[in-house]
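Below is one structure, written out as structure tokens, with a few remarks after it.
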Amino acid sequence: MDWLMQRRRGVVTALLATLLVINVPARVMTWFLPGEVNLSGLSGTVWSGEAVRSWVMVDGRAVMLGKVQWRISPWRLLWSTPLRVSAEWGDQLLSTRLGVGITGKWIFRDTGIAFHLDALRALMPLYLGGRVTGEFDAIGLSHDSLEEVRGRVNLHNTAWTARSGHIPLGSYRVDVGPGVDRTQLDDPDGREVNSVGVRDIKGVVSTEDGSLVLNGTVTLSGARYRIDLNATGPVARDESFRRAVSVLAIPSATGFEVLISGQL
């Protein structure tokens, strides 16, 4: 009888502890977030909740994420991607499943994005309009560098929006996947830098429609990047547009080329 009572007490204690863990309020999430991430209007629990408003500080500027919802799947905690997150700010959307691998690498699965290029102007002098959507099967991030990206990015109805005038460009697709394995990389100054185990991430650019036809590749090798694009079509031969992009473009017989390399 005493054994039964002791066991019953253990079961009751375990149930109470489980209930306490399950009902930990969502505001506890703010204790574990980095200082750059801000949440307000929290409701729900740590396991399933939402924030009415959220934003991230980037170089001293607030990047709005809007309403954020999350759900943690306990049976995935020891493997895979236990956390499902979605964010919505107007027609700016983000959804993903994420987790942390045994090596400390952040793993993102089934990621979807949608935003207007205008949103990037607060971070960089980008004179492009249009809408971006993307779907990614997998993204791997380790030590602030991308190790893996598999997916597709679409740029819809892009336009040049600089002071020189509004010029419709077109719609484009970038198929992103693994490139080649490298044992060394070339430095932009001609020196060779050993980078054993570096795996390229390669994006193949193609044109869906438009008056500026772009084809080429964008390659990321560790912290180094290379852009190699060929531009043709009516806009590529327009002298005013060619002057506007002359800092980046190399004139050719059919339009211009963009060859840029550097380090992030």
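The values are calculated or read from the model by the stated rules, or taken from the named source; none is laboratory data. Just so you know, these numbers come straight off a predicted model, no measurement behind them. FYI the Cβ positions are ideal-geometry reconstructions off the backbone, even for glycines, and counts take in every protein chain you see.
Data overview
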read-out	value
All positions within region 236-264 that are out of contact with any Lys or Arg (no Cβ under 9 Å at 6 or more places or on another chain) and of a type in the set (A, V, I, L, M, F, W, C)	PHE241, ALA244, VAL245, VAL247, LEU248, ILE250, ALA253, VAL258
Members of region 34-88 that are charged (D, E, K, R), closer than 22 Å to LYS105 by Cα and assigned to a strand (DSSP E or B)	ARG71, ARG84
Condition broken by LYS105, with the remaining ones in (1) over 18 Å from GLU36 (Cα atoms); (2) out of contact with any strand residue (DSSP E or B) (no Cβ under 7 Å at 6 or more places or on another chain); (3) of a type in the set (Lys, Arg) satisfied	(2)
Output for region 1-58, where each listed residue is polar (S, T, N, Q) and either out of contact with any Lys or Arg (no Cβ under 8 Å at 6 or more places or on another chain) or modelled with pLDDT under 80 (or both)	GLN6, THR13, THR18, ASN23, THR30, ASN38, SER43, THR45
Every pair of residues 6+ apart whose Cβ atoms lie under 7 Å, when the first sits in region 206-217 and is under 15 Å from GLU257 (Cβ atoms) while the second is part of a loop (DSSP other than H, G, I, E, B)	LEU212/GLY233; VAL213/GLY233
When residues of region 95-129 are limited to those that are under 23 Å from GLY66 (Cα atoms) and among the hydroxyl-bearing types (Ser, Thr, Tyr), the one surrounded by the fewest Cβ atoms within 10 Å (Cβ to Cβ)	SER95
Residue that is surrounded by the most Cβ atoms within 10 Å (Cβ to Cβ) [pool: residues in region 233-264 that are of a type in the set (Gly, Ala, Ser) and under 16 Å from LEU212 (Cβ atoms)]	ALA236
